[in-house]
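Remarks on the structure that follows.
The values are calculated or read from the model by the stated rules, or taken from the named source; none is laboratory data. As the structure is a prediction and not an experimental result, all values here were calculated from the model. Because the Cβ atoms are built from the backbone with ideal geometry, glycine has one as well, and the counts that use them run over all protein chains shown. Only protein heavy atoms, including side chains, enter the accessible area calculation; ligands, DNA and RNA are left aside. Shrake-Rupley method; radii C 1.70, N 1.55, O 1.52, S 1.80 Å.
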Amino acid sequence: MAAKSQRMEVTLETQLDSVDLAESIVMRVAESIGFSEEDIHKIGMSVREGVINAYNYGNQQDRRKKIFMTVDLAGEKMTVRVLDQGKGFDVSHVPDPLDEENLLRTSGRGLFLMRAFMDEFEVRRPPGGGAELVLVKNFPSAVSGNGQSKRD
């Protein structure tokens, strides 16, 4: 029998308090699913970085703009999408923070962390504008799509 899909949509204000709120929401969801403490931290940090980028680079701290976060639980995956109302960007133009000439730069590290901490990471440019970060973490092997232990 297929697992039941669940979805949560949150509209965040373009303000720094939204970073903590978004992180808290996804960490609670991840904990309820049964992710390890380490994975909960990785998911929280990834979403934190994504919302900071939306606040700072996407919406350029413009309080008239919103940040949209969606959490989907389906198909043995937790998918978090963070969408801003900015101009969007091409991820291939972001310098690699591990290149020697970039080691002391402060930009690019968030994208690096999101790629490292999540099982899948993608940056999309939706037709309506902005940048959409798609962060995917596969459920722990002992948990089914509805957050229940497979042993139950």
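Suppose the filter is surrounded by 13 or more Cβ atoms within 10 Å (Cβ to Cβ), part of a loop (DSSP other than H, G, I, E, B) and at pLDDT 95 or above; does Asp72 pass it? When the stated conditions are applied, Asp72 does not pass them. Say whether the condition of being in contact with a Ser or Thr (Cβ under 6 Å, 6 or more places away or on another chain), surrounded by 13 or more Cβ atoms within 10 Å (Cβ to Cβ) and among the aromatic types (Phe, Trp, Tyr) is met by at least one residue in segment 46-67. The answer is yes; a qualifying residue exists.
Restricting attention to segment 106-152 and to residues that are among the small types (Gly, Ala, Ser) and open to solvent by 80 Å² or more (accessible area, probe 1.4 Å), the residue that is modelled with the lowest pLDDT turns out to be Ser141.
The set of residues from segment 1-39 being surrounded by 15 or more Cβ atoms within 10 Å (Cβ to Cβ) and in a loop (DSSP other than H, G, I, E, B) comprises Ala3, Thr14, Gly34, Phe35. The condition of being open to solvent by less than 70 Å² (accessible area, probe 1.4 Å) and touching a strand residue (DSSP E or B) at 6+ places or on another chain (Cβ under 7 Å) holds for Arg81. When we screen Leu73, Leu12, Leu21 for residues that are without any contact (Cβ under 8 Å) to a residue 24 or more places away in the chain and of a type in the set (A, V, I, L, M), the only hit is Leu21.
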